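**Student:** Questions regarding the structure given below will be posed in turn.
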Amino acid sequence: MPTGKQLLQLANQHKGEKYVFGTLVPKNASQWKGPWDCAEFVSWVVYQLSTQLYGCVNDNGNPASADSYTGYWKRDADQLGKIITVEEAAQTQGAAILRCAANGVIGHIVISDGKGGTIEANSTRTGVINSVVSRRRWDIGVLIPWIDYTTKDMVEIADPTEAIYRFTTPLMHGPKIKKIQSALKGLGYHPGKIDGYYGSQTFTAVKSLQVKKGLVADGEVGHKTAKVLGLDL
């Protein structure tokens, strides 16, 4: 049985490689060196070690063309895997840590190093990097049934220190979101009506800004995206 440690080791071999948002990676291409996006990266690592698809539109499909994304990872976590807390995942080598979004839109996914760190296909600016779990917004940890995991010592995971504005059900709303929408419009993006509701058009505008500016393209506004917008949230 492949192990979480092996997942982590393989993923770390690809540090520094290019990120392209929305790229499709053939999961059976063992010599692939990028480009990646976050979900394609994790699903490729899983397939390389287990020859099984996970987090793909069709986990029984052709590995050369099976599209992976965070919404499918959430679906498979609910149906095929084991959901654990983010704290548990942070101390488990090879566990996936997932940031979800409403209505199946994009989020972000990373591989835990078991010590509070990550390996992830991060953004157009940084590519595949090591980062940390702390002070970032996450929803769940995920274990895959056919992977053998090792849990390390407990690590302390801090919550984000700032508010994070995002696409939720029901919709987040308020004057800060109106400022976000106005700033997006001022930069040439199209958040829809400037109404203070963080709907799908605002989400899409934020994601487009993030892709262009080399940020994690999750459609959420935390301190890094707010800084690019010229806002103090």
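**Student:** So Leu49 ticks every box in (1) under 15 Å from Leu7 (Cβ atoms); (2) part of a loop (DSSP other than H, G, I, E, B); (3) of a type in the set (A, V, I, L, M) but one. Which box is left unticked?
**Tutor:** (2)
**Student:** A follow-up question, please. Here is a check on your reading of the model: is Asp153 out of contact with any strand residue (DSSP E or B) (no Cβ under 9 Å at 6 or more places or on another chain), outside the structural domain of Lys18 (by TED's automatic domain parsing) and within 28 Å of Ser50 (Cβ to Cβ)?
**Tutor:** Against the criterion (out of contact with any strand residue (DSSP E or B) (no Cβ under 9 Å at 6 or more places or on another chain), outside the structural domain of Lys18 (by TED's automatic domain parsing) and within 28 Å of Ser50 (Cβ to Cβ)), Asp153 qualifies.
**Student:** Residue check: is Val216 under 23 Å from Ala95 (Cα atoms), buried (at least 22 other Cβ atoms within 10 Å of the Cβ), in the same structural domain as Trp73 (by TED's automatic domain parsing) and hydrophobic (A, V, I, L, M, F, W, C)? Quick ask: steps written out before the conclusion?
**Tutor:** Values: under 23 Å from Ala95 (Cα atoms): yes; buried (at least 22 other Cβ atoms within 10 Å of the Cβ): yes; in the same structural domain as Trp73 (by TED's automatic domain parsing): no; hydrophobic (A, V, I, L, M, F, W, C): yes.
Spelling it out, it is not the case that Val216 is under 23 Å from Ala95 (Cα atoms), buried (at least 22 other Cβ atoms within 10 Å of the Cβ), in the same structural domain as Trp73 (by TED's automatic domain parsing) and hydrophobic (A, V, I, L, M, F, W, C).
**Student:** Within the stretch 207-219, can one find any residue that is at negative phi, hydroxyl-bearing (Ser, Thr, Tyr) and either touching a helix residue (DSSP H, G or I) at 6+ places or on another chain (Cβ under 7 Å) or touching a residue at least 60 places away in the same chain (Cβ under 8 Å) (or both)? Outline the logic, then answer.
**Tutor:** At the first step, the residues of the stretch 207-219 found to be at negative phi are 207-213, 215-218.
Going one step further and asking which of them are hydroxyl-bearing (Ser, Thr, Tyr), we end up with 208.
From what is left, the residues that are either touching a helix residue (DSSP H, G or I) at 6+ places or on another chain (Cβ under 7 Å) or touching a residue at least 60 places away in the same chain (Cβ under 8 Å) (or both) are none.
So far as the stretch 207-219 goes, no, none of its residues is at negative phi, hydroxyl-bearing (Ser, Thr, Tyr) and either touching a helix residue (DSSP H, G or I) at 6+ places or on another chain (Cβ under 7 Å) or touching a residue at least 60 places away in the same chain (Cβ under 8 Å) (or both).
**Student:** Quickly run through the stretch 54-68 and pick out the residues that are on the phi < 0 side of the Ramachandran plot and either crowded, with 23+ Cβ neighbours inside 10 Å or not in a loop (DSSP other than H, G, I, E, B) (or both).
**Tutor:** Of all residues in the stretch 54-68, those on the phi < 0 side of the Ramachandran plot come to 54, 56-68.
Tyr54, Cys56, Ala66, Ser68 - these are the residues of the stretch 54-68 that are on the phi < 0 side of the Ramachandran plot and either crowded, with 23+ Cβ neighbours inside 10 Å or not in a loop (DSSP other than H, G, I, E, B) (or both).
**Student:** Another question about this same structure. Within the stretch 136-167, how many residues are surrounded by 19 or more Cβ atoms within 10 Å (Cβ to Cβ) and either among the aromatic types (Phe, Trp, Tyr) or modelled with pLDDT under 90 (or both)?
**Tutor:** Of the residues in the stretch 136-167, 4 are surrounded by 19 or more Cβ atoms within 10 Å (Cβ to Cβ) and either among the aromatic types (Phe, Trp, Tyr) or modelled with pLDDT under 90 (or both).
**Student:** Would you mention how many residues in the stretch 169-183 are of a type in the set (Gly, Ala, Ser) and assigned to a helix (DSSP H, G or I)? It would help to see each step written out before you state the result.
**Tutor:** Quick first cut of the stretch 169-183, residues of a type in the set (Gly, Ala, Ser) only: 174, 182-183.
With assigned to a helix (DSSP H, G or I) added as a condition, the list becomes 182-183.
Here the count works out to 2.
**Student:** Still on this structure, please answer the following. If Gly196 meets every condition in (1) modelled with pLDDT under 95; (2) surrounded by 17 or more Cβ atoms within 10 Å (Cβ to Cβ) apart from one, which number is that one?
**Tutor:** (1)
**Student:** Would you call Gly22 touching a strand residue (DSSP E or B) at 6+ places or on another chain (Cβ under 8 Å) and outside the structural domain of Ala217 (by TED's automatic domain parsing)? Walk me through how you get there before you give the answer.
**Tutor:** Details: touching a strand residue (DSSP E or B) at 6+ places or on another chain (Cβ under 8 Å): no; outside the structural domain of Ala217 (by TED's automatic domain parsing): yes.
Taking the combined requirement at face value, the residue does not satisfy it.
Yes/no matrix, rows are residues, columns are (1) closer than 24 Å to Tyr72 by Cβ; (2) part of a loop (DSSP other than H, G, I, E, B); (3) of a type outside the set (Phe, Trp, Tyr):
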| site | (1), (2), (3) |
| --- | --- |
| Ser131 | yes, no, yes |
| Ser134 | no, yes, yes |
| Arg137 | yes, yes, yes |
| Trp146 | yes, yes, no |
| Ala158 | no, yes, yes |
| Phe167 | yes, yes, no |
| Lys193 | no, yes, yes |
| Thr204 | yes, no, yes |
| Val216 | yes, yes, yes |
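**Student:** Can you name the residue in the stretch 69-95 that is out of contact with any helix residue (DSSP H, G or I) (no Cβ under 6 Å at 6 or more places or on another chain) and among the small types (Gly, Ala, Ser) and is also surrounded by the fewest Cβ atoms within 10 Å (Cβ to Cβ) among such residues?
**Tutor:** Filtering the stretch 69-95 for residues that are out of contact with any helix residue (DSSP H, G or I) (no Cβ under 6 Å at 6 or more places or on another chain) and among the small types (Gly, Ala, Ser), the one surrounded by the fewest Cβ atoms within 10 Å (Cβ to Cβ) comes out as Gly81.
**Student:** I've got another one for you. May I ask you to list the residues in the stretch 69-105 that are of a type in the set (A, V, I, L, M), closer than 19 Å to Lys152 by Cβ and either at pLDDT below 95 or in a loop (DSSP other than H, G, I, E, B) (or both)? Working first, answer last.
**Tutor:** Here is the first cut: in the stretch 69-105, the ones of a type in the set (A, V, I, L, M) are 77, 80, 83-84, 86, 89-90, 95-98, 101-102, 105.
This time we only want the ones that are closer than 19 Å to Lys152 by Cβ, so: 84, 86, 89-90, 95-97.
Within the stretch 69-105, Ala95 is the sole residue that qualifies.
**Student:** Next question. Looking only at the stretch 116-129, how many residues end up being surrounded by 15 or more Cβ atoms within 10 Å (Cβ to Cβ), of a type outside the set (Val, Ile, Thr) and touching a helix residue (DSSP H, G or I) at 6+ places or on another chain (Cβ under 8 Å)? Please lay out each step first, then the result.
**Tutor:** Looking only at the stretch 116-129, we keep the residues that are surrounded by 15 or more Cβ atoms within 10 Å (Cβ to Cβ), and these are 116-124, 126-129.
Still in the list and also of a type outside the set (Val, Ile, Thr): 116-117, 120-123, 127.
When the remaining residues are screened for being touching a helix residue (DSSP H, G or I) at 6+ places or on another chain (Cβ under 8 Å), the result is 116, 120-123.
Residues meeting the conditions: 5.
The values are calculated or read from the model by the stated rules, or taken from the named source; none is laboratory data. Since this is a predicted model, take the numbers as computed values, not measurements. Note that each Cβ is placed from the backbone with ideal geometry, even for glycine, and that neighbours are counted across all protein chains shown.
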